[in-house]
1. Could you pull out the residue among GLU554, GLU595, GLU563 that is among the charged types (D, E, K, R) and modelled with pLDDT under 95?
2. Test GLY198 against the stated conditions and say whether it is farther than 30 Å from ALA62 by Cβ, small (Gly, Ala, Ser) and either out of contact with any Ser or Thr (no Cβ under 6 Å at 6 or more places or on another chain) or buried (at least 18 other Cβ atoms within 10 Å of the Cβ) (or both).
3. Among the residues in segment 371-379, are any open to solvent by 20 Å² or more (accessible area, probe 1.4 Å) and in a loop (DSSP other than H, G, I, E, B)?
4. Within segment 521-543, does at least one residue satisfy the condition of being more than 19 Å from ARG447 (Cα to Cα), part of a loop (DSSP other than H, G, I, E, B) and not aliphatic (A, V, I, L, M)?
5. Out of (1) hydroxyl-bearing (Ser, Thr, Tyr); (2) touching a strand residue (DSSP E or B) at 6+ places or on another chain (Cβ under 6 Å); (3) touching a residue at least 60 places away in the same chain (Cβ under 8 Å), what's the single condition that is false for TYR565?
6. Only one of (1) among the polar types (S, T, N, Q); (2) under 30 Å from the mean Cα position of the chain (by Cα); (3) open to solvent by 20 Å² or more (accessible area, probe 1.4 Å) fails for GLN590. Which number is that?
7. Determine whether segment 232-241 contains at least one residue that is in contact with a helix residue (DSSP H, G or I) (Cβ under 6 Å, 6 or more places away or on another chain), at pLDDT 95 or above, surrounded by fewer than 22 Cβ atoms within 10 Å (Cβ to Cβ) and of a type outside the set (Asp, Glu).
8. Go through segment 318-347 residue by residue and tally those that are over 21 Å from the mean Cα position of the chain (by Cα) and either more than 17 Å from GLY76 (Cα to Cα) or small (Gly, Ala, Ser) (or both).
Amino acid sequence: MKTSIDLSKTLLCSALGLAVPTGTVMAQDSLPFAPTPSGSVAGRTMQESVYNPLPKKSHLPAGAPNILIIMIDDAGPGTPDTYGGEVHTPNLTKIANQGISYGAFHSTAMSSPTRSALLTGRNHTRVGNGQISEISNDWDGFTGLIPKTSATTAEVLKNYGYSTAAFGKWHMTPATECSKAGPFDNWPTGFGFEYFYGFLGGEASQYEPFLVKNTTYVNPPKTPEQGYHITEDLADNAIEWLHNHQALAPDKPFYMYWATGAVHGPHHVPKEWADKYKGKFDNGWDAYRERVYKRMLKQGTIPPNTKLTPRPGNLDSWASIPEDEKPFQRRLMEIWAGFGEHTDHHAGRVIAELEKMGIADNTLVFYIWGDNGSSSEGGRGTISELLTQNQIPTEIKDHLKALEELGGMGVLGSPLTDNMFHAGWAWAGSAPYKGTKLLAAYFGGTRQPLAVSWPKKIKHDKTIRQQFHHVIDISPTIYEILNITPPRMVNGYPQDPIDGISMVYSFNDAKAKSVKKTQFFDIMGSRGIYHDGWFACTFGPRVPWLTVTPGLAEWTPDKDVWELYNLEEDWSQADDLAQKYPEKLEAMKQLFLIESANNKNLPLGGGLWCLLHPEYTLGNPATEFNLAGDVTRIPDFSAPKVYRKHNKITINADMPKDANGVLFATGGFAGGLACYMKDGYLNYEYNQFEVKRTKLKSSGKLPAGKSVIEIVLVPKGDSILKSGDVTIQVNGKKVAQGTVPILTNLTFSTEGLDVGTDLGSPVSMDYYHDAPFAFNGKIENMNVKYLK
């Protein structure tokens, strides 16, 4: 709005009896934070003024498309039947058949690194995500913090006029910043997404997730008994958001990031989906891999000269599995396959809604099958997948025994287990490549099927693009389509360079020469470098399918053995040329170091720091916690470590007669710790990932009235696997004591700590069917104090 005189100064001077100043008024657009320009001219009165709003200026090209990015979790290239696998994925196939597919599109081999790279267009260590956020550290490339100098595509598009929304798995917020207290700057809404519905951590129970809507924790809309599953919920919520967007802002394009928690562990899916695959995998993972390889060759998913790489020597063959264990191993894969099809089905519901609403023609869809390869972290198969992360060794007989007590094979895939398949299935799902998730050296960990459709602009072509690309290339692709030059300044922050390159050149030219020259890979020391058709790599210090990797503590990158591959002739990294071309290999190794220095990827193996130095593991720095009786949903990394540190818990409670209910609980049914009242008796249960439960019970009932309950945990031993002595007193009298044989050393789950109830997955079978089993007395407070 323009004024012929400065009215504020005129009125002030008149009131003070001073002369009215004259002169030129500063133009609106020269102000440092100018509001939206106005075409109106204000006079002394409305009658003397001119009202003439300027038309709203668009910064987007006419017909700017809607954008939908679908990201599936922990899914290998040899799994979807779209490209030769045996998991039915009709909606991935649908997008491929409407548009185009890429066969040499890559992730980083790990969750947070891939997601941060995808959403910023920059290499994962440049944006502080050299490893998952739960084990971030102080090295620049490994902080777990995306800097504001590397704005997300959502932030840029929002400023250009897009509506933005994210659904599902986030996994880019520091683990210690995920509580109700925030801070919220590093939550999705702080990175350009105007709406978020999903979970912040790396995984969630598919039946009882730790859900967030924007910056508020919320409960799922249904219970598992009512048929709740998070993937269905994410589709429902995304469809509802689309309806609201089209009703209220139909002239604005949208940018939607829809990222499932599936098919990451725990592998949870309704039984009818798993039963579709009954008997399909009876002859094991070696045979599966052979079948998929042949089918890929026949379909043209891989070049005709591609070789099938062999099974690693330290990974079980199917023939080596005892016959009495094979039904368990088969069922785990049937569940995963059903889980994968179920996930694609709900992705398809979102896609179908675009068609129903008449907006699919001008919607650009990127359907990425996996943020990394299939996960081998299930080891030799498990009913509780976090056993491996906690480095707790078990035997399959332990799992089968616990499974039988829970109800037998039929409970796999249900809320009663956090099952995950044998690493052999993950390797099979990487066909024809070497490696799995966490191995950035091999394409089994990094090569992800990608289908792209945009009916208005991209003509369907069944020829699979074989240009070398990476998740960092999605953002610059979007910018080129929208004629956006990556901004030098976003929200006051000067911007880091974009590392990716646009893929638009290949949209309508399947045979176009690959434009990307160089791409480095590194996940916790598993390293690789691509340059002009060659790839050099080294396996790294960790074997992801082993519970404990021998020699990890003594590892140095200087002793790693490197391999060299000519990808123009060797699509699957089958023929190592390191001995034949030592000078080429050395040049590639030097290039890797240069790229590492340029992308904050130093020190090498920096992402391993907290694994090698657990004293630096993220956590609340407090040594004493005072919790009111109604505090719930404290994320594990913000909560007191009552299950592993030397600590004393003091609970002041008012007990009714024959009291019932949870006093506190952390974790869930697949692993956790709970203290609860049952018919007047005090109970303490340490649930070691379902395979072992340590239960203590008071010698007598607690009387009605005021009670002071004191629980002391004393860890024993010098190794990472410690036992723990537990002593419980009530009103100064010892009522129970015992020993927990192995304490959890990292985390039970994403469930967090509740006081006075057990929300989400219940820790104990004793109150499983009465969950959340809220305490029927009153807890005045709960104090936790670390004793050393």
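1. On the way: GLU595 fails: modelled with pLDDT under 95; GLU563 fails: modelled with pLDDT under 95.
Matching residue, one of GLU554, GLU595, GLU563: GLU554.
2. Values: farther than 30 Å from ALA62 by Cβ: yes; small (Gly, Ala, Ser): yes; either out of contact with any Ser or Thr (no Cβ under 6 Å at 6 or more places or on another chain) or buried (at least 18 other Cβ atoms within 10 Å of the Cβ) (or both): yes.
So GLY198 passes the test.
3. To start, the set of residues in segment 371-379 that are open to solvent by 20 Å² or more (accessible area, probe 1.4 Å) comprises 377.
Okay, now just the ones that are also in a loop (DSSP other than H, G, I, E, B), so 377.
For segment 371-379, residues open to solvent by 20 Å² or more (accessible area, probe 1.4 Å) and in a loop (DSSP other than H, G, I, E, B): present.
4. Here is the first cut: in segment 521-543, the residues more than 19 Å from ARG447 (Cα to Cα) are 541-542.
Next cut, part of a loop (DSSP other than H, G, I, E, B) only: 541-542.
Next cut, not aliphatic (A, V, I, L, M) only: 541-542.
Yes: one or more hits.
5. TYR565 satisfies every listed condition except (3).
6. Going through (1) among the polar types (S, T, N, Q); (2) under 30 Å from the mean Cα position of the chain (by Cα); (3) open to solvent by 20 Å² or more (accessible area, probe 1.4 Å) one by one, GLN590 breaks only (2).
7. Restricting attention to segment 232-241, the residues satisfying the condition of being in contact with a helix residue (DSSP H, G or I) (Cβ under 6 Å, 6 or more places away or on another chain) are 232, 235, 238-239.
Imposing the further condition that a residue be at pLDDT 95 or above reduces the set to 232, 235, 238-239.
Adding the requirement that they be surrounded by fewer than 22 Cβ atoms within 10 Å (Cβ to Cβ) leaves 232, 239.
Add one more test, that the residue is of a type outside the set (Asp, Glu), and what stays is 239.
So far as segment 232-241 goes, yes, one or more of its residues are in contact with a helix residue (DSSP H, G or I) (Cβ under 6 Å, 6 or more places away or on another chain), at pLDDT 95 or above, surrounded by fewer than 22 Cβ atoms within 10 Å (Cβ to Cβ) and of a type outside the set (Asp, Glu).
8. Within segment 318-347, the first condition is being over 21 Å from the mean Cα position of the chain (by Cα), and the residues that meet it are 318-334.
In the following step, the residues that additionally are either more than 17 Å from GLY76 (Cα to Cα) or small (Gly, Ala, Ser) (or both) were identified as 318-331.
Residues meeting the conditions: 14.
The values are calculated or read from the model by the stated rules, or taken from the named source; none is laboratory data. Since the model is a prediction, treat every value here as computed from it, not as a measurement. No Cβ is skipped: glycine too gets one built from the backbone with ideal geometry, and neighbour counts run over all protein chains shown. Remember, those area values only see protein heavy atoms, side chains included, never the ligands or the DNA or RNA. Shrake-Rupley method; radii C 1.70, N 1.55, O 1.52, S 1.80 Å.
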